[in-house]
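Participant: The structure that follows is given in the form of structure tokens.
The values are calculated or read from the model by the stated rules, or taken from the named source; none is laboratory data. Only a predicted model underlies this, so the values are computations on that prediction, with no experimental measurement involved. Ideal geometry is used to build each Cβ from the backbone, glycine not excepted, and the neighbour counts take in all protein chains shown. Just so you know, the surface numbers come from the protein's heavy atoms only, side chains and all, with ligands and any DNA or RNA stripped out. Shrake-Rupley method; radii C 1.70, N 1.55, O 1.52, S 1.80 Å.
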Amino acid sequence: MGSNGIKHVRIDERLIHGQVATMWTNTIKTNRIMIVDDAVVKSDMEKVALKTAVPSGVKLSILTVKGAANNINNGKYEGQQVFLIVKSPHALRGLVDAGVELPQINVGNMSTKAGSRQIKKSVSVTEENLEDFDFLLKKGIKITAQMVPSEDAVEFASLLKK
């Protein structure tokens, strides 16, 4: 793993919520949560909600894919313990495309949408999601599905084959 500061990467449509905020931040001992989402950056309402949800003592960054890639690649978070959260694999594909090294990816929650299929209790994927996951897997990034730290992590590729 590189020293770019990224400790844990999670896909969770709800971004920061009770479960993630407490369990995951404690488990991975993070000191910064980074939300990478082009739409959230533009939404003041979502930004306020996220600031409220961040556990005390944890810094929050809300960035576009481009902004996050620039910061990470320029070593802005070296020596930190960054917990990176995105709503879908598409943002991660953008980061990897921009040269960001990701340690591994944990898929938490992706809700059901038109044209999606459920592959795990809390995970549904669309064709576009599948293309993005395929891209990430081909880059050799380990992807697991795990809702909470106490649950066993499942190899994501094996869920896709079902």
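Participant: Can you find even one residue in the stretch 82-102 that is closer than 23 Å to residue 31 by Cβ, modelled with pLDDT of 95 or more and surrounded by fewer than 16 Cβ atoms within 10 Å (Cβ to Cβ)?
Facilitator: Within the stretch 82-102, one or more residues are closer than 23 Å to residue 31 by Cβ, modelled with pLDDT of 95 or more and surrounded by fewer than 16 Cβ atoms within 10 Å (Cβ to Cβ).
Participant: Within the stretch 8-22, does at least one residue satisfy the condition of being part of a loop (DSSP other than H, G, I, E, B), more than 20 Å from residue 94 (Cα to Cα) and small (Gly, Ala, Ser)?
Facilitator: no
Participant: Cβ-Cβ under 6 Å, sequence separation 6+ or interchain: first residue in the stretch 10-30 and at pLDDT below 90, partner in a helix (DSSP H, G or I). Which pairs?
Facilitator: Hits for this filter: 21/53.
Participant: For the stretch 78-97, does any single residue satisfy the condition of being β-branched (Val, Ile, Thr), within 23 Å of residue 42 (Cβ to Cβ), part of a loop (DSSP other than H, G, I, E, B) and within 17 Å of the chain's Cα centre (by Cα)?
Facilitator: no
Participant: Considering the stretch 1-30 alone, what residues qualify as being open to solvent by 40 Å² or more (accessible area, probe 1.4 Å) and either touching a helix residue (DSSP H, G or I) at 6+ places or on another chain (Cβ under 6 Å) or within 19 Å of residue 73 (Cα to Cα) (or both)?
Facilitator: If the condition is that a residue be open to solvent by 40 Å² or more (accessible area, probe 1.4 Å) and either touching a helix residue (DSSP H, G or I) at 6+ places or on another chain (Cβ under 6 Å) or within 19 Å of residue 73 (Cα to Cα) (or both), then 1, 3, 7 are the ones that fit.
Participant: Would a scan of the stretch 106-115 turn up a residue that is modelled with pLDDT of 95 or more and of a type in the set (Lys, Arg)?
Facilitator: no
Participant: Going through the stretch 35-75 one residue at a time, which ones are outside any helix (DSSP H, G or I), without any contact (Cβ under 8 Å) to a residue 12 or more places away in the chain and farther than 13 Å from residue 98 by Cβ?
Facilitator: Selection gives 43, 56.
Participant: List the residue pairs whose Cβ atoms are under 7 Å apart, where the first residue sits in the stretch 151-162 and is in contact (Cβ under 8 Å) with a residue 12 or more places away in the chain and under 13 Å from residue 137 (Cα atoms), the second is assigned to a helix (DSSP H, G or I) and open to solvent by 50 Å² or more (accessible area, probe 1.4 Å), and the two are 6 or more positions apart or on different chains.
Facilitator: Every condition considered, the pairs that remain are 157/137.
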